[in-house]
1. Within region 19-45, take every residue that is polar (S, T, N, Q) and in contact (Cβ under 8 Å) with a residue 12 or more places away in the chain and give me the one that is farthest from PRO2 (Cα to Cα).
2. Can you find, within region 119-139, the residue that is farthest from SER40 (Cα to Cα) among those that are assigned to a helix (DSSP H, G or I) and touching a residue at least 12 places away in the same chain (Cβ under 8 Å)?
3. Pick out the one residue from ARG129, ARG137 that is of a type in the set (Lys, Arg), surrounded by 12 or more Cβ atoms within 10 Å (Cβ to Cβ) and either over 20 Å from GLN200 (Cα atoms) or assigned by TED's automatic domain parsing to the domain that holds TYR24 (or both).
4. Of the numbered conditions (1) modelled with pLDDT of 80 or more; (2) basic (Lys, Arg); (3) more than 23 Å from PRO2 (Cα to Cα), LYS50 fails exactly one; give the number of that condition.
Amino acid sequence: MPADLYHLLIALGIGAVIGAEREYRSKSAGLRTMIMVSMSSCLFTILSLKIGVANPDRLAANILTGLGFLGAGVIFKDENRISGITTATTIWMTAAIGMAVGAGYIVLSLFAAFIVLIVLILLIYVQERIEDLHQARTYRIVCAYQQETLDKYEELFKEYGMQVIRNTQHKTEHKITGRWVLIGPAANHRRLTEYLLDDQSITELSF
């Protein structure tokens, strides 16, 4: 079997392993996507070397440019959090590994794939620990308007060890609504949420 076919199979295997991890975590770019990214990058690199492109680095740049659109499609933003960045960068890294395989750097590509798996599988526990200590949430409180603002809740947030990042308040007819982005330990968020759920003056609460 020609070496190029071996390279494609290696790219398939690496993409499958990385994609399986993304699929297991129910990410938008999973098993099939990572296989396609790895194999297509490998194939483009092989063809550029076979055809004899004058500047192979231009082909690499074009591959990454095309993947930029694919990566942008898996990034989503909600009120105070951006998700999908890890999956987008994993797509880029998988493409880079596929290019390395296509260029014949098998040991380098296998080592890079090993590092990627360590980052995706093991470091997530470190990330979760950090989020337990420093977690951001958006709180929305609606109360009946009684000639006063909701500033009293900001004092409450501080009592629970929360840092107020931003806040807005607006009044509509007989109601006043406040929205805050708070940062603090996950345990403090739980205690604060329990208190707010028992607050009879709050008619609507989201967090």
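The values are calculated or read from the model by the stated rules, or taken from the named source; none is laboratory data. As the structure is a computational prediction, the values presented were derived from the model and not from experiment. Counting neighbours? That spans all protein chains shown, and the Cβs are built from the backbone with ideal geometry, glycine included.
1. SER28
2. The qualifying residue farthest from SER40 (Cα to Cα) is LEU133.
3. ARG137
4. Against the list (1) modelled with pLDDT of 80 or more; (2) basic (Lys, Arg); (3) more than 23 Å from PRO2 (Cα to Cα), LYS50 comes up short only on (3).
Yes/no per residue for (1) outside the structural domain of GLY13 (by TED's automatic domain parsing); (2) free of Cβ contacts under 8 Å to residues at least 24 places away in the same chain:
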site: ALA96; (1), (2): no, no
site: VAL101; (1), (2): no, no
site: LEU117; (1), (2): no, no
site: ILE141; (1), (2): yes, no
site: ASP151; (1), (2): yes, yes
site: GLU154; (1), (2): yes, no
site: HIS174; (1), (2): yes, no
site: TYR195; (1), (2): yes, no
